[in-house]
Amino acid sequence: TVIGSPRAALQRPVTQAWCRVRIQVEVKGVSSEERVYICGSEPPLGDWGIARSVALLPTSEVGKWACEVVLPLGTQVRYKYLAVLRDKGRWETGADRSVVTPATPSSEI
């Protein structure tokens, strides 16, 4: 008796492990009216779409902004910060930033 088929097995979604990442950055040159966002290469960071970017919130420390996102384990993630004022974004200059997420959920970046 054959249970299932190789073709059916290929159609099942692949389960991917994720980790929660706290992002905190010190930002200079942002006006009090601007908001800081992060946008990057993975869907939780907006897939480089400004409209889907993630807002950071100001922390209790002056000039520091933070958020939490859930990212896939063991993945190189490229990203940039941007300042937004009235729906107009201003990307940070320079090359994309990059980080590899931990291979296990208990690791830290």
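The values are calculated or read from the model by the stated rules, or taken from the named source; none is laboratory data. Note that this is a predicted model, so its numbers are computed, not measured. Counting neighbours? That spans all protein chains shown, and the Cβs are built from the backbone with ideal geometry, glycine included. All accessible areas refer to the heavy atoms of the entire protein, side chains included, with ligands and DNA or RNA removed. Shrake-Rupley method; radii C 1.70, N 1.55, O 1.52, S 1.80 Å.
Among the numbered criteria (1) part of a loop (DSSP other than H, G, I, E, B); (2) modelled with pLDDT of 95 or more, which single criterion is violated by ILE38? The failed condition is (1). No other residue among ALA83, ALA103 is of a type in the set (A, V, I, L, M) and part of a loop (DSSP other than H, G, I, E, B) apart from ALA103.
Of all residues in the range 59-80, those that are farther than 18 Å from VAL36 by Cβ, of a type in the set (A, V, I, L, M, F, W, C) and not in a loop (DSSP other than H, G, I, E, B) total 2.
Taking the conditions (1) in a strand (DSSP E or B); (2) at pLDDT 90 or above; (3) open to solvent by less than 90 Å² (accessible area, probe 1.4 Å) in turn, CYS19 satisfies each one other than (2).
Filter the range 81-109 for residues that are closer than 15 Å to ARG22 by Cα and in contact with a Gly (Cβ under 8 Å, 6 or more places away or on another chain); which is modelled with the highest pLDDT? By that ranking, first place goes to VAL100.
Return the residues of the range 37-52 that are of a type in the set (Val, Ile, Thr) and in contact (Cβ under 8 Å) with a residue 40 or more places away in the chain; say none if nothing qualifies.
Of the residues in the range 37-52, the ones of a type in the set (Val, Ile, Thr) are 38, 50.
The answer is ILE38, and nothing else.
Residues satisfying the criterion are absent from the range 41-48 (criterion: modelled with pLDDT of 95 or more, of a type in the set (A, V, I, L, M) and part of a strand (DSSP E or B)). Restricting the first member to the range 53-75 and to residues that are more than 16 Å from VAL30 (Cα to Cα), and the second to residues that are open to solvent by 30 Å² or more (accessible area, probe 1.4 Å) and of a type in the set (Lys, Arg), the beta-carbon pairs closer than 7 Å and six or more apart or on different chains are GLU68/ARG20; GLU68/ARG22; VAL70/ARG20. Scanning the range 64-100 for residues that are over 12 Å from the mean Cα position of the chain (by Cα), over 17 Å from ALA51 (Cα atoms) and exposed (fewer than 12 other Cβ atoms within 10 Å of the Cβ) turns up THR93, GLY94, ALA95.
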